[in-house]
1. Hey, does the range B:159-180 have a residue that's more than 23 Å from A:Ile89 (Cβ to Cβ) and at pLDDT below 85?
2. Within the range B:103-115, count every residue that is in contact with a Lys or Arg (Cβ under 9 Å, 6 or more places away or on another chain) and at pLDDT below 90.
3. If you take just the strands (runs of 3 or more DSSP E) that sit entirely in the range A:105-194, which of them hold at least 2 residues that are more than 12 Å from chain B (Cβ to nearest Cβ) and either over 19 Å from B:Ile195 (Cβ atoms) or open to solvent by 20 Å² or more (accessible area, probe 1.4 Å) (or both)?
4. Which one of the conditions (1) open to solvent by less than 30 Å² (accessible area, probe 1.4 Å); (2) farther than 30 Å from B:Pro123 by Cβ does A:Ile83 fail to meet, given that it meets all the rest?
5. Among the residues of the range A:19-34, count how many are modelled with pLDDT of 80 or more and assigned to a helix (DSSP H, G or I).
6. Can you tell me which residue among B:Ala153, B:Ala138 is modelled with pLDDT under 95 and under 16 Å from B:His179 (Cβ atoms)?
7. Quick one: A:Asn17 ticks every box in (1) surrounded by 14 or more Cβ atoms within 10 Å (Cβ to Cβ); (2) more than 22 Å from B:Ile195 (Cβ to Cβ); (3) not β-branched (Val, Ile, Thr) except a single one, so which number is it?
8. Could you tell me which numbered condition A:Leu206 fails, if it satisfies all but one of (1) closer than 25 Å to B:Ile9 by Cβ; (2) surrounded by fewer than 16 Cβ atoms within 10 Å (Cβ to Cβ)?
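The values are calculated or read from the model by the stated rules, or taken from the named source; none is laboratory data. Keep in mind that this is a model prediction, so the values were computed, not measured. Quick reminder, even Gly has a Cβ in these numbers, built from the backbone with ideal geometry, and neighbours come from all protein chains shown. Accessible surface areas use protein heavy atoms only, side chains included; no ligands, DNA or RNA. Shrake-Rupley method; radii C 1.70, N 1.55, O 1.52, S 1.80 Å.
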Number of protein chains: 2
Amino acid sequence: MNSEMLVRITRYYRALNRLRAIGLEKVFAHNLADAAGVSAAIVRKDFSQLGIRGQKRGGYEIGDLVDRLGAILGKGDPQNVIIVGCGRIGKALMHYSGFEPDGIRIVAGFDTDPVVYSEVSYPVPVYPISRLGEIVGALDVKVAIITVPEASAADVAERIREAGIHGILNFSPITLKPHVGEDGTRSDVIHNINIALELEQIFYELKFPAIK
Amino acid sequence: MNSEMLVRITRYYRALNRLRAIGLEKVFAHNLADAAGVSAAIVRKDFSQLGIRGQKRGGYEIGDLVDRLGAILGKGDPQNVIIVGCGRIGKALMHYSGFEPDGIRIVAGFDTDPVVYSEVSYPVPVYPISRLGEIVGALDVKVAIITVPEASAADVAERIREAGIHGILNFSPITLKPHVGEDGTRSDVIHNINIALELEQIFYELKFPAIK
């Protein structure tokens, strides 16, 4: 499976959970295609590659699809996430309810500022960053969201790795790169989301529609 | 110029502005390469394609590069942005200082909730969504950030388009697609950032390192 197919599978999985939540039992390839922004032919091809067959007239069983795609996506495993940097964006993400349908749980926050971590208004506990290793081990955390200012992002990423976390979603404007081992393998999975850069690209594509 | 090169140019531009802000006057291809996460050979190739030459020993003039890349990126134009949906994430983005070095200005917020838009604690004015068309015209807005809940995202996107905005950065979990004209051209530029989906993909890539 390549990474484009993985993106599609996660989109199908999300759409299926939502359809199930509103009481549907069956779904057709073209419904999933609409939800995932692809063609029905691609949905059928993906499912065929995964050995999943629909019934000719009735479409696919939603419950069965959720179980099978969930197993592929490792949904049985705990998906515990921490947030490092409890400023406005970090705090907004702690309160974000959109993670729950996907089984993702924000379990703790970390900050360097004693004023921040002694506050009690957070929906999850917030700890000083010096306790990162201890808490990460206790809570079985695999992924961290970085929402610290640019100046401390690289240092924070290093401390996160030292604490044994190898998955990072980075919102700081610094582009973090995965460590590459001597044999060329990457031990970290890092996704960088640079909001200012996204906006700049939109302005540019509006100005020069030929690009893209 | 393809979209990968555009991403690199915007990264160079950001790095150059930061280097200039701390007083540097010259930069070498390998400095920009480090900042943009590419090789120095790629920086030199990009600049050569744009007709930009460095001096053999001294590197590139930062001020000159900023002017030339800025012209390519349309930096003379106002980059006014509105935020539609003034919940926690929308509000956090209004306060985000990381846009300013790039010339991006958040000029207004919109919400459907009278309680929200009558509050005075925002760093920019917040209006009822019914005034979208009027304010967008008055402030010369080209791009909107959508931070509304899933259920209202599609409707909000439609109202934004009707107000004459064709650039959207969408943080709602719905995948918004650009309108396609009868001749196959796309009139909108839409970037979707789905935070839950990013996290899911990170978990998946950690579990199956062969993907990617």
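1. Going residue by residue through the range B:159-180, those that are more than 23 Å from A:Ile89 (Cβ to Cβ) are B:159, B:161-166, B:177-180.
If we keep only those that are at pLDDT below 85 as well, we get B:179-180.
Yes, some residue in the range B:159-180 is more than 23 Å from A:Ile89 (Cβ to Cβ) and at pLDDT below 85.
2. Number of matching residues: 1.
3. Working: elements: A:126-128, A:143-146, A:167-170, A:189-192.
Counting at least 2 such residues, we get A:126-128.
4. The one condition A:Ile83 does not meet is (2).
5. Restricting attention to the range A:19-34, the residues satisfying the condition of being modelled with pLDDT of 80 or more are A:19-20, A:24-34.
Keeping just the survivors that are assigned to a helix (DSSP H, G or I) gives A:19-20, A:29-34.
Here the count works out to 8.
6. Working: B:Ala138 fails: under 16 Å from B:His179 (Cβ atoms).
Criteria check complete, one pass: B:Ala153.
7. Exception for A:Asn17: condition (2).
8. All conditions are met except number (2).
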